[in-house]
Amino acid sequence: MGKAMKISGLSAAGLALVGGAVYFSMTGIDAEEVDMNAQEEKISEYANPDAFVSPRQLQDMMDSDEDVVVIGTMDERGGAIPGSFEVWRPDYSGTDAYEYDGMANSKEEVEELMSSFGVTEDTTVVTYAANAQHDSARLFWQLEMLGHEDVRFLDGGINAWKGAGFDTGDPLEAGDVEETNYAAPDFNEEGFNADLDHMLAAAADDSVIIDTRDPEEEEGSTTVTGAFGPGKIAGAEYINWTEAVAEDGTAVTADELEDLYGTYTDSGETIIPYCQSGVRSSYTWLLLTHGMGYDNALNYDGSWIEWSYQAYEQGDENVINLTENGDF
């Protein structure tokens with residue numbers, strides 16, 4: 001087994017998206033039967049196939065002597081990939097440095113988290129989620145922002161793992177492995193995150209902004225908990241993140257990605273997806289960058305929570321003037 005693959009790990013509690021907010025029920029982890037031959041062929045056709053793994057490929061990695069750390073982004077769901085760790089959003093986002101929730105934790109805080117899992121600069125880190133894969137993509141995005149070289153996304157998450165007949169168990173605890181002193185190899189926030197100033201400029205000059213939220217959020221008929229009022233960033237294109245999710249919960253093919261986003265990638269412009277708090281948009285970012293190989297894409301970490309805070313709480317006229325479907 002790999003260095004940190006010594007015990008077991010992760011949990012479940014069914015997830016539903018209602019108006020873009022994330023709610024949990026006790027329905028557990030849905031098993032999804034995925035044709036792994038077709039899945040691995042699909043992955044091989046992505047621009048960066050090394051950023052994705054199938055359940056079978058992950059099992060092979062964990063059975064080898066490779067240095068692999070697997071992290072599930074779930075909140076006590078009642079079942080995990082054996083040998084993996086479990087984290088949830090407050091562990092890596094939601095820092096109290098802001099007056100609103102959802103922002104990525106600091107470089108130092110994420111370094112400390114990775115150290116507790118025994119991660120080194122040379123470790124292969126695999127992220128996965130349950131029932132909806134955006135949280136896995138969010139942690140993936142944060143790890144790449146640290147400059148970690150080998151980060152991989154389990155396509156279909158624990159649902160595909162379970163559907164393939166692989167075992168689930170309990171999560172590892174941080175004390176189960178030897179702690180390291182992990183340091184970000186090449187932290188690059190500007191290369192991965194669009195901050196508020198960047199978004200104001202992007203909205204003003206008609207750059208490509210993609211709203212990945214649910215229809216009610218985009219239309220302004222719903223304000224999800226955490227945001228400060230309804231609306232959308234002016235001029236944003238609307239492509240729900242779920243458009244890039246296949247019926248079996250895995251990512252769509254390279255050809256389907258081209259159909260969804262090709263018009264925008266062909267433009268050569270910077271593409272910035274956003275959502276409520278930079279989670280669903282991370283999934284869109286992942287497929288733009290590693291599925292399609294589009295280097296000129298950023299994720300808006302603050303997303304609608306930050307934007308609506310500036311509009312409704314701070315009365316920022318620059319933000320208000322670049323907001324559609326608001327209620328000021």
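Choose one answer from 37, 105, 240: the residue with the largest mean-square fluctuation in a GNM of the chain with alpha-carbon springs under 10 Å. Greatest mean-square fluctuation among the candidates belongs to 37.
A convex hull fitted around the alpha carbon atoms of the chain yields 116 Å³ per residue.
Of 89, 280, the residue with the largest accessible area leads and the full order is 89, 280 (1.4 Å probe). Over the Cα atoms of region 167-212, the radius of gyration divided by the Kirkwood radius equals 1.28; this is the Rg/Rh ratio. Dividing the mean sequence gap of close Cα pairs (under 8 Å, 6+ apart) by how many residues the chain holds gives a relative contact order of 21 percent. Here residue 107 is the anchor, and the aspartates and glutamates within straight C-alpha reach of less than 17 Å, apart from those fewer than 8 places off in the same chain, are 91, 96, 121, 144, 149, 186, 189, 190, 195, 301. Karplus-derived 3J(HN,Hα) values for region 249-254, using 6.51 cos²θ - 1.76 cosθ + 1.60 with θ = phi - 60°, are x, 8, 6, 6, 6, 4 Hz; glycine and proline are entered as x. In summary, the aspartates and glutamates within cross-link reach of residue 42, defined as a Cα separation below 15 angstrom excluding same-chain residues under 8 places away, comprise 50, 155, 247, 248, 255, 256, 258. Take the Cα radius of gyration of region 60-143 and divide it by 2.2 N^0.38 Å, N being the number of residues; the result is 1.11. For region 174-328, averaging the sequence separation of C-alpha pairs within contact (under 8 Å, six or more residues apart) and dividing by the residue count gives a relative contact order of 30 percent. Based on the reciprocal of the average 1/r between different C-alpha atoms, the Kirkwood radius for region 55-203 equals 16.0 Å. Modelled this way, with points 7 Å down the Cα-to-C-beta line, the labels at residue 221 and residue 321 are 3.1 nm from one another.
Quick one: Debye curve from the alpha-carbon atoms of region 205-256 only, equal weights, vacuum; give me log10 I(q)/I(0) at q = 0.17 Å⁻¹ to two decimals. Log-scaled intensity ratios, in q order: -0.64.
Taking only the Cα atoms of region 232-319, the radius of gyration and Dmax are 14.1, 44 Å. Protein heavy-atom surface of the chain, 1.4 angstrom probe: 40% of the accessible area is carbon and sulfur, with nucleic acids and ligands not counted. Per residue, the solvent-accessible area of region 199-328 (1.4 Å probe, heavy atoms of protein chains only, all protein chains present) comes to 37 Å².
The values are calculated or read from the model by the stated rules, or taken from the named source; none is laboratory data. Here the structure is a predicted model, which means the values were calculated and not measured. Note that we place each Cβ from the backbone using ideal geometry, even for glycine, and neighbour counts take in every protein chain shown. Accessible surface areas use protein heavy atoms only, side chains included; no ligands, DNA or RNA. Shrake-Rupley method; radii C 1.70, N 1.55, O 1.52, S 1.80 Å.
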